[in-house]
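The values are calculated or read from the model by the stated rules, or taken from the named source; none is laboratory data. Remember, predicted model here, so these are calculated numbers, not experimental data. Cβ coordinates were reconstructed from backbone atoms using ideal geometry, including for glycine residues, and neighbour counts include every protein chain displayed. Just so you know, the surface numbers come from the protein's heavy atoms only, side chains and all, with ligands and any DNA or RNA stripped out. Shrake-Rupley method; radii C 1.70, N 1.55, O 1.52, S 1.80 Å.
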Amino acid sequence: MRVAILGAGAIGAYVGAALHRGGTEVHLVARGAHLEAIRKNGVQVYSPRGDWLAQTPATDDPAEIGPVDFVFLGLKANSYASSGPLVAPLLHDKTAVIAAQNGIPWWYFHELSGPYEGRRIESVDPGGEVTRVLSLERAIGCVVYCSTELEGPGVVRHLEGTRFSIGEPGGGQSDRCLEFSEAMIAGGLKCPVEDDIRNDIWIKLLGNAAFNPISALARATMVEIAQHSGTRAMIRLMMEETLEIARAVGSEPDISVDKRIDGAERVGEHKTSMLQDLEKDKPLELDVILAAVVELADLTGTKAPTLRAVHAVADLLSTKVGTAPGKVAHAPTAAPAPSVATPAAAVPASP
């Protein structure tokens with residue numbers, strides 16, 4: 001079993017180091033100082049569960065790796081469409097692609113029985129550009145309940161959570177999912193194979209779709225948003241509307257809105273990934289996290305007025321990011337924050 005980690009940042013390098021520890025042949029695709037540090041010293045992981053060093057092969061050229069059995073995508077979803085030259089050398093006929101992304105995936109309606117089966121979501125797969133690079137048949141869903149950060153080149157700090165829920169778009173317990181799950185478990189991670197991964201997607205998205213854009217617009221941490229009466233009320237409305245949309249496309253996520261907000265509040269002074277990207281003038285992952293939810297509201301005839309209003313303002317903000325110096329007023333930089341938009345503590349733990 002050969003695995004390539006494409007986008008070996010904080011999450012990708014952590015997964016790669018864990019798989020390597022469990023005996024899987026792993027190849028990391030990284031760049032810059034991070035790549036050079038991995039080549040020289042390996043990936044050093046610091047974790048409350050124990051520290052370890054993984055001497056994994058690393059490159060910036062996937063052609064040096066060749067075809068693998070699994071590609072684990074640690075890239076942001078807004079770069080999937082342009083990842084073709086990186087992905088292509090890693091594929092053979094049966095290579096599976098595990099996309100550890102936030103938000104609605106490009107494969108969402110693939111093999112989903114019902115009135116929307118096979119429909120493309122334009123926000124996440126404009127003109128089918130992502131599908132042309134990452135074919136639907138290769139896709140395995142993945143929802144990340146893990147918080148990590150890069151402390152420096154080649155150095156990963158694991159903060160909390162070890163669960164990576166995976167599942168087939170068509171449901172069930174496939175051999176390829178079980179094989180990958182076993183490798184992750186051997187490396188010390190939790191990797192349940194869910195019969196319906198879409199429910200996990202919505203549970204995670206419930207927080208992302210609300211907290212991420214509000215955090216960027218208000219330049220606020222999760223606890224600040226949860227403890228301010230006005231934004232707390234807005235977050236609740238956004239979550240209730242998100243649940244209504246989820247049910248309209250056939251999902252029944254078993255989650256309480258109040259518990260979801262309380263969980264986010266307990267995380268404390270955490271900056272969401274969208275706020276971190278804003279402060280660095282990096283593109284906001286708005287399409288898969290909020291625009292797609294609004295598109296599904298249009299598709300199902302769901303009103304969702306709060307989601308639509310917040311999306312309109314956040315979308316305007318996103319057009320200003322990275323376009324010219326001084327366009328975005330940055331908040332003061334605080335200590336490094338976890339790389340995953342919703343930390344593990346903010347979502348329900350697995351049974």
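Against the conditions (1) in contact (Cβ under 8 Å) with a residue 40 or more places away in the chain; (2) touching a strand residue (DSSP E or B) at 6+ places or on another chain (Cβ under 8 Å); (3) hydrophobic (A, V, I, L, M, F, W, C); (4) closer than 23 Å to V288 by Cβ, L189 satisfies every one except (4). Residues of the range 220-246 that are of a type outside the set (A, V, I, L, M, F, W, C), in a helix (DSSP H, G or I) and under 20 Å from L275 (Cα atoms): E224, Q227, G230, T231, R232, R236.
Scanning the range 265-308 for residues that are of a type in the set (S, T, Y) and either in a helix (DSSP H, G or I) or under 14 Å from I214 (Cβ atoms) (or both) returns T272, S273, T300, T306. Against the definition (of a type in the set (V, I, T), at pLDDT 90 or above and open to solvent by 20 Å² or more (accessible area, probe 1.4 Å)), how does T333 come out, yes or no? No; evaluated as a whole, the condition is false for this residue. So in the range 247-261, with the set limited to residues that are open to solvent by 30 Å² or more (accessible area, probe 1.4 Å) and assigned to a helix (DSSP H, G or I), which one is farthest from I197 (Cα to Cα)? Restricting to residues being open to solvent by 30 Å² or more (accessible area, probe 1.4 Å) and assigned to a helix (DSSP H, G or I), the top hit is D258. I'd like to know if the range 285-293 contains one or more residues that are open to solvent by 30 Å² or more (accessible area, probe 1.4 Å), modelled with pLDDT of 95 or more, within 20 Å of the chain's Cα centre (by Cα) and within 27 Å of T148 (Cβ to Cβ). Yes. For the range 203-262, the set of residues classified as within 18 Å of V310 (Cβ to Cβ) and of a type in the set (D, E) consists of E224, E240, E241, E244, listed by residue number. Screening the range 1-48 for strands (runs of 3 or more DSSP E) wholly inside it with 3 or more residues that are hydrophobic (A, V, I, L, M, F, W, C) returns the ranges 2-6, 25-29. Could you please find all residues in the range 17-62 being without any contact (Cβ under 8 Å) to a residue 40 or more places away in the chain and surrounded by 21 or more Cβ atoms within 10 Å (Cβ to Cβ)? Hits for the range 17-62 are V26, L28, A30, A54.
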